[in-house]
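For reference, the structure discussed in these notes is given below.
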Amino acid sequence: VPTPAFVVGLPKAELHLHLEGTLEPELKLELARRNGVDIGQSTVEQVRATYEFDSLASFLGVYYPAMNVLVTEADFYDLATAYFRRAAADGVRRVEAFFDPQAHTSRGVSIETVILGYHRAAMDAADLGVSAELILCFLRDFSAESALETLTSALPYKDRFIGVGLDSDERENPPAKFAAVFALARENGLKLTMHCDIDQAGSIENIRQVLEDIQVDRIDHGTNIVENPELVTLVRERGLGLTCCPVSNSFVTADMKAVEMVALMNFGVLVTVNSDDPAYFGAYVADNYLALAEKAGLDTSELVLLAKNSFRASWLSDDEKAAYL
Ligand code: ADE
Ligand code: ZN
């Protein structure tokens, strides 16, 4: 049985991590005090008591309001830096981290404040032995026009992020809604990824759209692809990573999706293990490897494969990947 020390000792890349999802209750309270923001709770216990999720919607209902405490560039820097330190302690050597600019610009924080704070933290992560890059995510329950406006306002800073993603509530917000904005991102040299995490009718059509119409460079979650063997073969042939999040799944979907992850991994798909929103789901990346190993009965060689997959599925150059494989 793999031990925590074994998992921490494996060099890993984390490819599915929302920086806003790393906001621990202690920092949330400190930033609330610093900025004079009333969040309705004043102790860590009170904050944790609000963390009751049984669906993506109930999670997002706690997640977005908490972001009110993030105001200045220093706040974004401090949030990301706390995560990079925690990730380094878990053996993470490469991070490609999501952030949600519209969750901040929609309440009056400038996109420059967000990008500069996070980017400075990503550069400073090198001192921790962590190579870090950013992925700008659009909120799919906002309009396509809002996404386009967000990308346009971010393009002056495009050397400070490597790709774009799509998150928030997938129901009734299919990939095709954002085809134009993703095409523009690609024209600007950015990598593309999208969340495919609904656990209901329509999920396989959305996975088809990201592969055939949007032509993404990775898929976030995406385990429901097992329903369509032709699409499974396609992701394997293209060498596209699936960024899976076992503990997050156990909160916001029917189960951990361990069976699907292991079947895809054994078929040769680049399945990876990630933490998604670790401050909310109570599990950083090493905990996610351990939870999956316990649930699926994985041995150390299978965890080594998952850790290597995380570098193979990353957006490092082939030369850079070779240093970790
Ligand atoms: N934003 C942050 N975490 C998310 C998740 N698990 N699914 C969709 N959007 C998110
Ligand atoms: Zn996610």
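Values quoted throughout were computed directly from the atomic coordinates according to the rules given, and no laboratory measurement underlies them. Given the structure is predicted, the values throughout are model-derived calculations rather than measurements. Positions of Cβ are backbone-derived with ideal geometry, glycine not excepted, and every protein chain shown enters the neighbour counts.
Quick notes
- Kirkwood Rh (inverse of mean 1/r, distinct Cα pairs), region 8-123, angstrom: 14.9
- Note: relative contact order over the chain, using C-alpha pairs below 8 Å and six or more positions apart, is 21 percent.
- Paramagnetic label zone (point 7 Å from Cα along Cα-to-C-beta, D127; backbone N under 16 Å) in region 27-58: none
- Viscosity 1.002 mPa s, temperature 20 °C, Stokes-Einstein D of region 4-322 from Kirkwood C-alpha radius, µm²/s: 110
- Listed by Cβ neighbour count within 10 Å, with the fewest neighbours leading, M256, M194, M261 appear as M256, M261, M194.
- Taken one residue at a time, the phi angles of region 37-45 give Karplus couplings (6.51, -1.76, 1.60, θ = phi - 60°) of 9, 8, 9, x, 10, 10, 10, 4, 4 Hz. Gly and Pro are set to x.
- Farthest towards the positive end of the charge dipole of the chain, among the residues L19, F142, N35, is the Cα of L19, using unit charges on the Cβ of Lys, Arg, Asp and Glu.
- Once the chain from L234 to R33 is taken as fully extended at 0.36 nm per residue, the excess over their C-alpha distance is 67.3 nm.
- Using a Förster distance of 41 Å, the FRET efficiency for S106-A5 (Cβ separation, nearest 0.05): 0.45
- Neighbour-limited loop hits for trypsin sites (Lys or Arg not before Pro), region 162-220 (at most 16 other Cβ within 10 Å; DSSP other than H, G, I, E, B): R171
- Amide H partners (placed H, <5 Å) of G241, local residues excluded: I219
- Placed amide H near V95: partners under 5 Å, 5+ positions off or other chain: E14, S131, A132, E133
- Rounded FRET efficiency, nearest 0.05, which uses the C-beta distance separating E45 from D318 and R0 of 30 Å: 0.05
- Normalising by residue count, region 84-239 has a Cα convex hull of 124 Å³ per residue.
- Proximal lysines relative to K191, as straight alpha-carbon distance under 23 Å, when same-chain residues fewer than 8 apart are discounted: K12, K158, K177, K308, K321
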